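Q: Structure provided below as structure tokens; questions to follow.
The values are calculated or read from the model by the stated rules, or taken from the named source; none is laboratory data. No experiment lies behind these values; they were computed from the predicted model shown. Using ideal geometry, Cβ is built from the backbone for each residue, glycine included, and neighbour counts are taken over all protein chains shown.
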Amino acid sequence: MKKVRFIFLLSFLFGCQNHQSDAQPNTHSVKTKNSISQVLKANGHKTIKERIALYNQLKRKEPNTYNFENKDEITMYGYGLLWENNPREALEIFKLIVEQFPNWYNAYDSLGEAYFNLNKMDLALKNYKKSLAMNPDNFNAEDMIERIKFPNKKPLTPAEKFTKTYNVKAYKADLDELANKLLEVHPNALKFISKEDFLKTVEAKKASINQNTTYAEFSWYCREIISNINCSHTSNNFSVDWDALPIPLLFPLDVRWLNDRLYVIEAGTNNNKVSIKDEIVKINGLPVAAIITEIYKHIPSQGHIESYKRHQFNYWAIAMISYALNFPKTYTIQIKGQQAPIVLKPLDAYPSFKASFTKSCADNLCLDFKDAETAVLTISSFNYYPWNNLNEFENFINQSFKKINEKNIKNLIVDLRFNGGGSPQSSIYLLRHIMDKPFSYFLNSDNEKENIIYRPIKNTYKGKLYFLIDGNGNSTTGHFMAMVKYHNLGTILGEELGSNHFCTAGQTVLRLKNTRFEYYVANATSQLPLTGLDPSRGILPDYEVVQPIDDYLNNHDSVKEFTFKLIKNQ
């Protein structure tokens, strides 16, 4: 089965940014602004004309009560309508956005998309042209204009682009453009690397280019330059590189990097040569550790956090090994304890992906009771936003803690593994159920200069708390766990988190002029008012628990089982 990586648009757009919520109006010292998008969503039973009239009425009578300045949120409300197959309603919202933000290029891009979906191509073309004139970097408008003008023209497929070569001058110009855009857009581009070292890498990649350099090789160079920013929100989508790579060029063994060892977890076409759990020490004559080090240079992560890189490698390993070795047609490996190298057969199909363990529930949000004293609250995502589905998260949290308190649960395990982040509102709402004193969350946000104070809810949880974390934890998950760590809310178990109290989020989507390589650059700083935490490291556990290879192969949840034993022995 072909591996598919879902990139959540919500996290890409907002990530750990400070977008204030009306989920709970603050009653301490400063009141947060309510979400106008959530008001419109709550009035979805009304006609679109009535909803827009309500918007205008509230803006006229209560301009400081709602977040009318938040153009991203109202835009996403419009796209929600579009995705629900309501293009006519979306059109009216996008018209409203143009009216409210006439100098914003994206307003016209969105309006063009609504007209395109309604098959009104003249109006779509008009708005896309206006958007592109306002922002020449808006390649979506550029592509849509070409698509409307030349509907029968087919773009290059990933496979065609993989082997395509561009001239040396074009490649080098694009690398300069990439470097300049990263430094221009990212507010913390040089937080974890000096400008001298950053530009040194750029020049080294330019020196590596020749007339035979393929787009695939060039994209790998770009990934290293991007990764040098050391920001998990600044990247390109590796699934595009995966799609382009022909199956025979993939490394033909599925592997897992664990405790500085590379184990075979799926032999596939080589099951008569290699066994599950074999440890690979060399690939094509190169030490595995050296290959991993090279690959890590091409995986973006927050600061110098390697746990996130390891999870990314374990997911994409068979492709990343191919890119790192420059797409060899033949792979030879050496197994620990064996003298003779093994020549591998190429793959004939994509292997299936095996997760670290089977989660206790298929949903992102779950509550399970292990026994009369212990419960497990699984939060696999904070991807719940005021304009969309924050109420779903809030209802789940409310109902869960009601049951937890009714059952007088003494030990609550909050499982945050696999949680790639989401909205700050979700994180804050959960914190209000486990903190016993008012707290502030954001410091020096690009969107809100005030120091908002949040009050705990009534009857906060009074039992013992245990938090399970892993390297997948990114963005808002880092903010949440930073609060847990700083305020000593409970015991943390697992591995170094993939994030912390500092985050550069939001995203500007860009494309290089000549090669059309697409990438994302974080554009807004979000950090918590916490001291004593290292922004280059993830939140560290009190108990480091690493899953042994046997537990992985047998689908044993090592971290959770360790936690159960810890609770039992306390």
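Q: Could you tell me which residue of the stretch 388-412 is surrounded by the fewest Cβ atoms within 10 Å (Cβ to Cβ), considering only residues that are within 19 Å of the chain's Cα centre (by Cα) and assigned to a loop (DSSP other than H, G, I, E, B)?
A: Per the stated criteria, the residue is ASN389.
Here's the yes/no breakdown for (1) closer than 17 Å to PHE418 by Cβ; (2) of a type outside the set (Val, Ile, Thr); (3) under 21 Å from the mean Cα position of the chain (by Cα):
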{"position": "GLU306", "(1), (2), (3)": "no, yes, yes"}
{"position": "ALA317", "(1), (2), (3)": "no, yes, yes"}
{"position": "ILE335", "(1), (2), (3)": "no, no, no"}
{"position": "ALA375", "(1), (2), (3)": "no, yes, no"}
{"position": "SER381", "(1), (2), (3)": "yes, yes, yes"}
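Q: Here's something else I'd like to know. Out of all the residues in the stretch 266-282, which are among the hydrophobic types (A, V, I, L, M, F, W, C) and in contact with a Leu (Cβ under 7 Å, 6 or more places away or on another chain)?
A: Narrowing the stretch 266-282 to residues among the hydrophobic types (A, V, I, L, M, F, W, C): 267, 274, 276, 280-281.
Residues satisfying the conditions are ALA267, VAL274, ILE276, ILE280.
Q: Moving to a separate point now. Hey, does the stretch 155-177 have a residue that's out of contact with any Pro (no Cβ under 7 Å at 6 or more places or on another chain) and at positive phi?
A: no
Q: Also, quick follow-up: Determine whether the stretch 263-270 contains at least one residue that is in a loop (DSSP other than H, G, I, E, B) and closer than 19 Å to ASP550 by Cα. Let's see the steps before the verdict.
A: Residues of the stretch 263-270 that are in a loop (DSSP other than H, G, I, E, B), as a first pass: 267.
From what's left, closer than 19 Å to ASP550 by Cα: 267.
Yes, some residue in the stretch 263-270 is in a loop (DSSP other than H, G, I, E, B) and closer than 19 Å to ASP550 by Cα.
Q: Then there is this: Determine which single condition ASP557 fails, assuming it passes every other condition in (1) touching a strand residue (DSSP E or B) at 6+ places or on another chain (Cβ under 8 Å); (2) among the charged types (D, E, K, R); (3) more than 18 Å from GLY421 (Cβ to Cβ).
A: (1)
Q: If you check every pair at least six apart or on different chains, which have Cβ atoms under 6 Å apart with a residue in the stretch 384-403 that is outside the structural domain of GLY422 (by TED's automatic domain parsing) and over 23 Å from LEU40 (Cβ atoms) first and a residue that is among the aromatic types (Phe, Trp, Tyr) and modelled with pLDDT of 95 or more second?
A: Within 6 Å, no pair qualifies.
Q: Just for the stretch 57-104: of the residues that are aromatic (Phe, Trp, Tyr) and in a loop (DSSP other than H, G, I, E, B), which one is farthest from GLY44 (Cα to Cα)?
A: Initial filter on the stretch 57-104 (aromatic (Phe, Trp, Tyr)): 66, 68, 77, 79, 83, 94, 101, 104.
Imposing the further condition that a residue be in a loop (DSSP other than H, G, I, E, B) reduces the set to 68, 101, 104.
Details: PHE68: 18, PHE101: 23, TRP104: 26 Å.
By that ranking, first place goes to TRP104.
Q: In this structure, is SER227 under 28 Å from GLY473 (Cβ atoms), outside the structural domain of LEU510 (by TED's automatic domain parsing), touching a Pro at 6+ places or on another chain (Cβ under 6 Å) and at pLDDT 95 or above? Give the derivation first.
A: Working: under 28 Å from GLY473 (Cβ atoms): yes; outside the structural domain of LEU510 (by TED's automatic domain parsing): yes; touching a Pro at 6+ places or on another chain (Cβ under 6 Å): yes; at pLDDT 95 or above: yes.
The answer is yes for SER227.
Q: Something else now. Please state which one of ASP137, ASP174 is in the same structural domain as ASP243 (by TED's automatic domain parsing), among the acidic types (Asp, Glu), touching a residue at least 12 places away in the same chain (Cβ under 8 Å) and touching a Leu at 6+ places or on another chain (Cβ under 8 Å). Write out each step before concluding.
A: Working: ASP137 fails: in the same structural domain as ASP243 (by TED's automatic domain parsing).
The match here is ASP174.
Q: Further question: Inspect the stretch 353-363 for any residue being of a type in the set (D, E, K, R), assigned to a loop (DSSP other than H, G, I, E, B), in contact (Cβ under 8 Å) with a residue 40 or more places away in the chain and in contact with a helix residue (DSSP H, G or I) (Cβ under 7 Å, 6 or more places away or on another chain) and give the result as yes or no. Walk me through how you get there before you give the answer.
A: Filtering the stretch 353-363 down to residues of a type in the set (D, E, K, R) leaves 354, 359, 363.
Next cut, assigned to a loop (DSSP other than H, G, I, E, B) only: 354, 359, 363.
Keeping just the survivors that are in contact (Cβ under 8 Å) with a residue 40 or more places away in the chain gives 354, 359.
So of that shortlist, the ones also in contact with a helix residue (DSSP H, G or I) (Cβ under 7 Å, 6 or more places away or on another chain) come out as none.
There is no residue in the stretch 353-363 that is of a type in the set (D, E, K, R), assigned to a loop (DSSP other than H, G, I, E, B), in contact (Cβ under 8 Å) with a residue 40 or more places away in the chain and in contact with a helix residue (DSSP H, G or I) (Cβ under 7 Å, 6 or more places away or on another chain).
Q: Could you please find all residues in the stretch 41-65 being surrounded by 13 or more Cβ atoms within 10 Å (Cβ to Cβ) and in contact (Cβ under 8 Å) with a residue 40 or more places away in the chain?
A: LYS41, ILE48, ILE52, TYR55
Q: Quick check on my filter: what residues within the stretch 413-435 are in a loop (DSSP other than H, G, I, E, B), of a type outside the set (S, T, N, Q) and in contact with a Pro (Cβ under 9 Å, 6 or more places away or on another chain)? Can you show your working first?
A: The initial filter retains those residues of the stretch 413-435 that are in a loop (DSSP other than H, G, I, E, B), namely 416-421, 423, 432-435.
Still in the list and also of a type outside the set (S, T, N, Q): 416-418, 420-421, 432-435.
Across the stretch 413-435, the qualifying residues are ARG432, HIS433, ILE434, MET435.
Q: Could you list, in sequence order, all residues of the stretch 508-561 that are aromatic (Phe, Trp, Tyr) and either assigned by TED's automatic domain parsing to the domain that holds ASN237 or surrounded by fewer than 18 Cβ atoms within 10 Å (Cβ to Cβ) (or both)?
A: If we filter the stretch 508-561 for residues that are aromatic (Phe, Trp, Tyr), which is where we start, we get 517, 519-520, 543, 552.
Listed by number, the list holds a single entry, TYR543.
Q: Condition test on ASN314, is it polar (S, T, N, Q), without any contact (Cβ under 8 Å) to a residue 60 or more places away in the chain and either touching a helix residue (DSSP H, G or I) at 6+ places or on another chain (Cβ under 9 Å) or within 26 Å of SER475 (Cβ to Cβ) (or both)?
A: On the way: polar (S, T, N, Q): yes; without any contact (Cβ under 8 Å) to a residue 60 or more places away in the chain: yes; either touching a helix residue (DSSP H, G or I) at 6+ places or on another chain (Cβ under 9 Å) or within 26 Å of SER475 (Cβ to Cβ) (or both): yes.
In short, yes.
Q: Given the criteria modelled with pLDDT of 95 or more, within 20 Å of GLY422 (Cβ to Cβ), of a type in the set (S, T, N, Q) and out of contact with any Leu (no Cβ under 6 Å at 6 or more places or on another chain), does ASN395 qualify? Show your work before the answer.
A: Working: modelled with pLDDT of 95 or more: yes; within 20 Å of GLY422 (Cβ to Cβ): yes; of a type in the set (S, T, N, Q): yes; out of contact with any Leu (no Cβ under 6 Å at 6 or more places or on another chain): yes.
Considered against the rule, which asks whether it is modelled with pLDDT of 95 or more, within 20 Å of GLY422 (Cβ to Cβ), of a type in the set (S, T, N, Q) and out of contact with any Leu (no Cβ under 6 Å at 6 or more places or on another chain), ASN395 comes out as yes.
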